[in-house]
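Below: the structure, in structure tokens.
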Amino acid sequence: MKTKPLLCPERLRHVPRQFSWIDQRLVGDRHLKGRTPRALTLYLFLCTVADAQGSSYYSDESTRGMLAFSPEELRAARTELVTCGLIAYRSPFYQVLSLDPVAVAASPTPSAESRMGEARSVGDILRLMMKVP
């Protein structure tokens, strides 16, 4: 195994006392491919401020101030990250999501009433609209 040189040994990184990390699978599994710079900036910010469960709640105003985003830029970056499955969001809460594959449960689909406020698949929404079980 090739040894990599330490270019600046006096500045060798150590795991900080507070919890914060970036998963290397973001690059290896190509989660970053095609993301906009603003979405990546928001993701880095959320990874940095999240607790051990990936949760954080910064107001839109605070987040925009920290990142110098307009309201539209923040909305677009957040929507992009939600759409690609990197974060979950329900105002004012963010959750940085695990990159582990999600196991599909064999249980029946919950009723519409029990899923209020949860993310739904397009198929579920269409079935609800057409009243198909």
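Every number in this text was worked out from the coordinates using simple rules, so none of it is lab data. Please read all numbers here as calculations on a predicted model, not as lab measurements. We place every Cβ from the backbone using ideal geometry, glycine too, and count neighbours over all the protein chains shown.
Around SER55, which amide H atoms from residues at least 5 apart in sequence, or from another chain, sit under 5 Å from its own amide H, with H modelled in the peptide plane? Distant-sequence amide H within range of SER55: VAL96.
Taking other residues whose beta carbon is less than 12 angstrom from the beta carbon of ALA77, and scoring Lys, Arg as +1 and Asp, Glu as -1, yields +1. Ranked by how many other Cβ atoms sit within 10 Å of their own Cβ, fewest first, the residues VAL102, VAL49, VAL27 fall in the order VAL102, VAL27, VAL49. In order along region 63-75, the phi-based Karplus estimate (6.51 cos²θ - 1.76 cosθ + 1.60, θ = phi - 60°) of 3J(HN,Hα) comes to 5, 4, x, 5, 9, 6, 9, 7, x, 5, 5, 5, 4 Hz; Gly and Pro are listed as x.
Applying 1/(1 + (r/R0)^6) with r as the Cβ-Cβ distance of ASP23 and ARG75 and R0 = 25 angstrom yields a FRET efficiency of 0.50. Placing pseudo-labels 7 Å out from each Cα toward the beta carbon at GLN53 and THR3 gives an inter-label distance of 4.5 nm.
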